[in-house]
Amino acid sequence: MALIRLGFGRQHFCLLKRRSSLLLKLTAVVFAVLLFCEFLIYYLVIFRCDWPEVKTPAHDSGQKTLKAMFLADTHLLGEVRGHWLDKLRREWQMERAFQTALWLLQPEVVFILGDIFDEGKWSSSQAWADDVERFQKIFRHPRHVQLKVVAGNHDIGFHYQMSTYKIKRFEKVFNPERLFSWKGMNFVLVNSVALEGDGCHICSEAEAELIEISHKLNCSREVGEHLKAQKRGPGRCRGAPLLPASAPVLLQVSAHRAAPAPGLRGSGPSASACWSHGTLSKSRQHFPLFRRSDANCSGEDAAPLEERAIPFKERYDVLSREASQQLLWWLRPRLILSGHTHSACEVLHGAGVPEISVPSFSWRNRNNPSFIMVI
């Protein structure tokens, strides 16, 4: 009887040992899958990104280049429409993609082209403070990396929702500079929500700021040309602060349409993508300049085929014709970068001024969120 009990005990022990071993193996597999899908995948995808090669006389002569990264439409969820699980998942994805890109690519400046938050246009003071705290955690960055943010319609509201209080609340946190110069490049950050053209006090202030910036840029160009020719500068520009004598890059935010954007080629739903663009002077804003639709946009990051031919609505999806012409005339940019459409597109305006619509950086808006790298 004792031998039978001993044999049964050994069998039971062996069974427990096999089960424990199986459980450990299963735990290791689950851990490895989570580690790969939620951490390592970002390094594998973003490692394929690289800064564009620059072949210009200025670069060949040793002039320093500026490495800039552009994101748009992060749409951090708020307390009204944001389920806690959705927040947790989407914000983890954005945080890992952004932090991995910072570590691997080492940009010097990062621009986010509006719609930082999803509910900034109606959030309470406490909800706004909570959203800002989460944003600062997700998009934390070293001190040597500058972060510049443009306001979007989801941050301060469309024209009919916009107020001085919302604008001041946004500017208190992000302290936006309308004109930013670094390494010989000028960047103009435009509050395109205020370019309604109806004479409202916020719109008038925004237009006055742009006219002043236009004066500074034009004077810098003219004085630079006179200095090259060893002539005296124009009288109206005497005393004006001199900026780099280069056409600006325009940054702005535009209308809200849920369509795809330019992403990292071949990126999957759990990793962010990137694409590169050569050096240019730029203007940045949220709303795109006027265009009829995305019909001429192509590529895997463009809007879905069934959405490309849908006409854009002026002052909602894109800026009006008049506001677009004013910006081109006032600023004479070399490049325009905008957000708002959630999809990628490259178009030419006027005398061949290129505009790039930057895709959304949020997995809620597209399955292959992306960012752009510019030198």
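The values are calculated or read from the model by the stated rules, or taken from the named source; none is laboratory data. Computed from a predicted model, the values in this text were never measured in an experiment. When the accessible area is computed, the model is the full protein with side chains, heavy atoms only, and any ligands, DNA or RNA have been set aside. Shrake-Rupley method; radii C 1.70, N 1.55, O 1.52, S 1.80 Å.
One decimal place: the segment ARG321-ARG18 gains 101.8 nm when fully extended, by the rule 0.36 nm per residue minus the C-alpha distance. Using a probe of 1.4 Å on the protein chains alone, the accessible area found for ASP198 is around 90 Å². Its Cα gyration tensor gives segment 122-221 an equivalent ellipsoid. The semi-axes, each the square root of 5 times an eigenvalue, are 25, 22, 8 Å from largest down. Expressed in Å, the radius of gyration and Dmax of the Cα atoms of segment 83-128 are 13.6, 37. Based on the Stokes-Einstein relation at 4 °C and a viscosity of 1.567 mPa s, and on the Kirkwood radius from alpha carbon pairs, segment 75-152 is assigned a translational diffusion coefficient of 98 µm²/s. Heavy-atom accessible area for HIS83, with the other protein chains in place and a 1.4 Å probe, reaches approximately 100 Å². Using all pairs of distinct alpha-carbon atoms, the Kirkwood hydrodynamic radius of segment 61-204 works out to 16.3 angstrom.
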